[in-house]
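J.: The structure that follows is given in the form of structure tokens.
The values are calculated or read from the model by the stated rules, or taken from the named source; none is laboratory data. What you see is a predicted model, and the numbers here were worked out from it, not measured in a lab. All Cβ positions, even for glycine, are placed from backbone atoms using ideal geometry, and neighbour counts span all protein chains on display.
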Amino acid sequence: MQQKWSSGWVFLLAAIGSAVGLANIWRFPYMVGANGGGAFVLVYILSMLCIAIPMLISEVLMGRRGGADPVYSMEFLARESGVSPHWRAFGWLSLLATLTILCFYSVIAGWSFAYIPKVLGGLSSNSVEDIRLEYEMLIASPVEMAFWHGIFMFLTISIVSRGIQNGIETAVKVLMPGLFIILLVLVAFSLYSGGFEDALNYIFNPDFSKLNVEVVLMAIGSAFFSASVGIGAMMTYGAYLKPDVSVPGTAAAVAFVDMGVALLAGLAIFPIIFANGMDPDGGPGLVFVTLPIAFANTDYSVLLGTLFFALLAAASLTSAFSLLEPTVLWLNKNHGVKRIWGAWGVGLIVWLVGLGPVFSFNILKDFHPMATISRFEESTIFDLMDFTVTSIFLPLGAFMICIFIGWRMKTANISQELNLEGSPLFTVWYYSVKFLVPLALLAVFLGSF
Ligand code: TRP
């Protein structure tokens, strides 16, 4: 018997856990910083509403109907609607893409784990120069980075190997409430830091002159990555969903919470940065350098720092489950590989391949594998993996889902699964997936080249 989530609520927690991650807390604030604030935020919110929600609905409904890993589910759905079984190619893309993300995601997630002992050890009482140096030393050390990347993978594997109810469910039931409490504490602190109004202005006052094609594409891509849509991770989680839970309601809840957390993370981070007269445009080092420096100026630097990096660690862990699970399920269902062996075997491979992105910050810093192409002249292994996923795999996967749902899958099967027949909401969703989303995706895809 296939395992199931014990309730719709737990599914919601796990799906939110997958969505809320480094993209919300690490990437979103520095993207806002680097792309001119409010204008970026506006496009991000629009992409969430018009693209991510319809995609989430599509993935979860396909997963629940398919009831298995992405490869098998696609094969089943194609057969059921009488179309080519080659649609299972989406399943292969899904396994490849989720594992590729995990290889570099776990490297940055490892940093957040590395920072917990650093902050506890008094990092924030150091001088600005020392805090900067600490970050530079971490990324310059292949051993330290490989170690923390290994710790992160070890935790992910330990939980996924215990299965849905004993592993992922138990973990998200503890980690997700913890995550929300920490986030609220940090926002509450920021409210009193003195920079709150500036932060609100920065995040919500769009300056449209900053808007260009690149910013729009970046915002759409970020929304995708942030909501975990496009490559079958949510489809796999949907496979464990009982039939009586509403797919559209859950999908909308996931997107709203995901968006809310990104904005709250901004409201936790920017005020304290402004209050200390610092520059929000800190790039990827924003939360690892600028933020500890800002914390250092307060009376609670150890507490704030520890809470913040625990938040980042918990958020990245619950996202990683959804990146390992599809392949573990596939090995289990299709090849009879026991979950524990699958999780450890695949996890170990991810750790080994992940050494590529680890080394691209230090010993392979000047190795640019695609240097012959001018666009990738400066790209490291890490950059290339990130680019492949965000600019190729995610939009491609999402495009395939739209074509399948909009043009291939029998509408009767869709409406049976969604239980929305005759509702205007169904029509809005269906036509977005059929026309609007694929066109937007095409734009992202072409625009990124
Ligand atoms: N959404 C996660 C984050 O915000 C990352 C993630 C987990 C993801 N699973 C995914 C991204 C599937 C794309 C697809 O950090």
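J.: Cβ-Cβ under 6 Å, sequence separation 6+ or interchain: first residue in the stretch 315-326 and closer than 16 Å to Q165 by Cβ, partner near the ligand (Cβ under 7 Å from one of its atoms) and among the polar types (S, T, N, Q). Which pairs?
T.: Correct list of pairs: S322/S18.
J.: Collect the residues in the stretch 377-391 that are surrounded by 19 or more Cβ atoms within 10 Å (Cβ to Cβ) and within 16 Å of I139 (Cα to Cα), keeping them in residue-number order.
T.: Result: T380, I381, F382.
J.: So, one more: Please go through the stretch 2-13 and give me each residue that is more than 23 Å from Y44 (Cα to Cα) and either within 8 Å of the ligand (Cβ to nearest atom) or touching a Ser or Thr at 6+ places or on another chain (Cβ under 7 Å) (or both), ordered by number.
T.: Applying the first criterion (more than 23 Å from Y44 (Cα to Cα)) to the stretch 2-13 yields 2-11.
Across the stretch 2-13, the qualifying residues are G8, F11.
J.: Same structure again: Which of the residues belonging to the stretch 165-207 are over 30 Å from M234 (Cα atoms) and of a type in the set (D, E)?
T.: If the condition is that a residue be over 30 Å from M234 (Cα atoms) and of a type in the set (D, E), then E197, D198, D207 are the ones that fit.
J.: Considering only residues of the stretch 207-261 that are among the β-branched types (V, I, T) and closer than 22 Å to Y30 by Cβ, which is farthest from the ligand (Cβ to nearest atom)?
T.: V213
J.: Which residues, counting only those in the stretch 8-25, are surrounded by 24 or more Cβ atoms within 10 Å (Cβ to Cβ) and free of Cβ contacts under 8 Å to residues at least 24 places away in the same chain?
T.: Selection gives nothing.
J.: A follow-up question, please. Does L396 satisfy the condition of being within 14 Å of the ligand (Cβ to nearest atom), under 30 Å from G63 (Cα atoms) and surrounded by fewer than 19 Cβ atoms within 10 Å (Cβ to Cβ)? Before the answer, list the steps.
T.: Working: within 14 Å of the ligand (Cβ to nearest atom): yes; under 30 Å from G63 (Cα atoms): yes; surrounded by fewer than 19 Cβ atoms within 10 Å (Cβ to Cβ): yes.
Against the criterion (within 14 Å of the ligand (Cβ to nearest atom), under 30 Å from G63 (Cα atoms) and surrounded by fewer than 19 Cβ atoms within 10 Å (Cβ to Cβ)), L396 qualifies.
J.: Could you check the stretch 353-372 and list, in sequence order, the residues that are part of a helix (DSSP H, G or I) and either within 21 Å of the chain's Cα centre (by Cα) or among the hydroxyl-bearing types (S, T, Y) (or both)?
T.: From the stretch 353-372, those part of a helix (DSSP H, G or I) are 353-359; that's our starting set.
Scanning the stretch 353-372 gives V353, G354, L355, G356, P357, V358.
J.: Report, ordered by the first and then the second residue, all pairs with beta carbons closer than 7 Å, sequence separation of six or more or different chains, a first member in the stretch 428-449 that is β-branched (V, I, T), and a second member that is assigned to a helix (DSSP H, G or I) and modelled with pLDDT under 80.
T.: Within 7 Å, the pairs are V444/L217.
J.: Of the conditions (1) out of contact with any Gly (no Cβ under 7 Å at 6 or more places or on another chain); (2) surrounded by fewer than 22 Cβ atoms within 10 Å (Cβ to Cβ); (3) not in a helix (DSSP H, G or I), W5 satisfies every one except a single condition; which number is it?
T.: Checking W5 against (1) out of contact with any Gly (no Cβ under 7 Å at 6 or more places or on another chain); (2) surrounded by fewer than 22 Cβ atoms within 10 Å (Cβ to Cβ); (3) not in a helix (DSSP H, G or I), the one that fails is (2).
J.: Taking interchain pairs and intrachain pairs at least six residues apart, which have beta carbon atoms under 8 angstrom, with the first residue in the stretch 403-415 and in contact (Cβ under 8 Å) with a residue 24 or more places away in the chain and the second among the charged types (D, E, K, R) and in a helix (DSSP H, G or I)?
T.: Correct list of pairs: I405/K434; G406/K434; W407/K434; K410/E80; N413/R65; N413/E80.
J.: OK, next. Of all the residues that make up the stretch 135-156, how many are farther than 25 Å from G347 by Cβ and either crowded, with 21+ Cβ neighbours inside 10 Å or touching a residue at least 60 places away in the same chain (Cβ under 8 Å) (or both)?
T.: Restricting attention to the stretch 135-156, the residues satisfying the condition of being farther than 25 Å from G347 by Cβ are 135-137, 140.
Those still in the list that are either crowded, with 21+ Cβ neighbours inside 10 Å or touching a residue at least 60 places away in the same chain (Cβ under 8 Å) (or both) too: 135, 140.
Of the residues in that region, 2 qualify.
J.: Does the stretch 69-99 hold any residues that are within 16 Å of the ligand (Cβ to nearest atom) and assigned to a loop (DSSP other than H, G, I, E, B), and which are they?
T.: Matches in the stretch 69-99: D69 only.
J.: Filter the stretch 346-368 for residues that are surrounded by fewer than 15 Cβ atoms within 10 Å (Cβ to Cβ) and not hydrophobic (A, V, I, L, M, F, W, C) and give the result.
T.: K365, D366
J.: State yes or no: is I340 without any contact (Cβ under 8 Å) to a residue 40 or more places away in the chain, of a type outside the set (D, E) and away from the ligand (no atom under 16 Å from the Cβ)? Even if it seems obvious, please write down each step before you answer.
T.: Numbers: without any contact (Cβ under 8 Å) to a residue 40 or more places away in the chain: no; of a type outside the set (D, E): yes; away from the ligand (no atom under 16 Å from the Cβ): yes.
So I340 fails the test.
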